[in-house]
Amino acid sequence: MAQVIAVAGKGGVGKTTLTGLLIQYLCQTGKGPILAVDADANSNLNEVLGVEVEATLGEIREELENAESSGSPIPPGMSKADYMEFRFGSALTEEKDFDLLVMGRTQGKGCYCFVNGLLQAQIQKVQGEYSYIVVDNEAGMEHISRGVLPGMNMAILVSDCSRRGVQAAGRIAELIKECNMHPSRVGLIVNRAPGGVLNEGTREEIENQGLELLGVVPHDDTVYEYDCDGKPTVQLPEDSPVRAALKEIVEKLGL
């Protein structure tokens with residue numbers, strides 16, 4: 001079965017950028033195939049990876065839930081489960097070394113338990129085809145905690161250098177415990193550190209939260225420039241200090 005790596009942190013700390021670079025690194029080092037899952041409500045992992053997305057799973061879930069009343073019924077002779085399997089294929093963006101699923105919006109009005117169960121079944125069918133499933137989560141990790149996505153083997157929490165960011169990471173670590181997810185490892189990456197160095201206040205808060213520091217990624221203006229220009233972050237130069245720092249972290253993790 002695939003190893004599931006969940007990346008989480010509060011908004012704006014750069015976790016999607018690091019998730020994209022992690023996926024790229026695993027592909028480049030022959031660890032694929034990878035299933036990349038964008039489970040953040042603010043979906044933009046595809047932009048970091050430089051791929052186009054045809055449909056999100058949230059859109060398909062809405063379509064199924066509203067099929068009878070929307071004027072776009074399920075084709076005759078097909079069950080909801082069959083139609084979900086058919087539409088699931090259109091939501092899977094296939095690249096050379098990885099595939100991408102975008103979860104999209106969580107859900108609208110009404111109960112989505114049945115459709116979520118169908119979605120869970122489809123993901124279970126394909127997860128054996130991958131070496132790793134890398135999930136870019138929102139802070140609450142809703143899709144994993146609800147069982148829509150597989151349970152995690154490793155949780156990588158991302159923060160900026162602020163105490164609030166580290167505190168948010170600490171709360172996510174507690175949520176993981178409360179939801180009985182039981183990953184083999186939970187650790188913290190501090191992103192956008194000036195000069196790649198943490199001040200004492202940040203280190204103190206990491207210790208207060210009881211978090212394992214996996215590594216520090218330096219601030220790099222090039223990442224900001226790529227974002228402003230609409231360039232995929234995975235096209236960063238090979239000598240990028242962000243790449244170098246992430247490589248060191250991944251090697252230390254033994255991935």
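The values are calculated or read from the model by the stated rules, or taken from the named source; none is laboratory data. Small disclaimer: the values here were computed from a predicted structure and weren't measured. Methodologically, a virtual Cβ is constructed for each residue, glycine included, from the backbone with ideal geometry; neighbour enumeration extends over all protein chains shown. All accessible areas refer to the heavy atoms of the entire protein, side chains included, with ligands and DNA or RNA removed. Shrake-Rupley method; radii C 1.70, N 1.55, O 1.52, S 1.80 Å.
The table below lists the values:
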| quantity | calculated |
| --- | --- |
| Residue, least open to solvent (accessible area, probe 1.4 Å), within segment 1-49, restricted to residues that are among the polar types (S, T, N, Q) and not in a loop (DSSP other than H, G, I, E, B) | Thr19 |
| Failed condition for Thr222, given (1) at pLDDT below 95; (2) hydroxyl-bearing (Ser, Thr, Tyr); (3) surrounded by fewer than 16 Cβ atoms within 10 Å (Cβ to Cβ) | (1) |
| In segment 67-76, the residues that are modelled with pLDDT of 65 or more and open to solvent by 60 Å² or more (accessible area, probe 1.4 Å) | Pro73, Pro76 |
| Which listed residue, of Gly77, Gly11, Gly58, is closer than 30 Å to Gly170 by Cα and out of contact with any Ser or Thr (no Cβ under 9 Å at 6 or more places or on another chain) | Gly11 |
| Residue ranges of strands (runs of 3 or more DSSP E) in segment 125-216 with at least 1 members at pLDDT 95 or above, among the aromatic types (Phe, Trp, Tyr) and under 19 Å from the mean Cα position of the chain (by Cα) | 132-137 |
| Unmet criterion (only one of (1) surrounded by fewer than 16 Cβ atoms within 10 Å (Cβ to Cβ); (2) in a helix (DSSP H, G or I); (3) in contact (Cβ under 8 Å) with a residue 24 or more places away in the chain) for Leu246 | (1) |
| Residues (of a type in the set (A, V, I, L, M) and crowded, with 19+ Cβ neighbours inside 10 Å) located in segment 124-138 | Ile133, Val134, Val135 |
| From the options Ala39, Ala121, residue that is more than 15 Å from the chain's Cα centre (by Cα) and modelled with pLDDT of 80 or more | Ala121 |
| Near pairs, Cβ below 6 angstrom, 6+ apart or cross-chain, from segment 174-187 (closer than 12 Å to Ala155 by Cα) to any residue that is in a strand (DSSP E or B) and at pLDDT 95 or above | Ile176/Ala155; Pro183/Met154; Pro183/Ala155; Arg185/Met154; Val186/Ala155; Gly187/Leu214 |
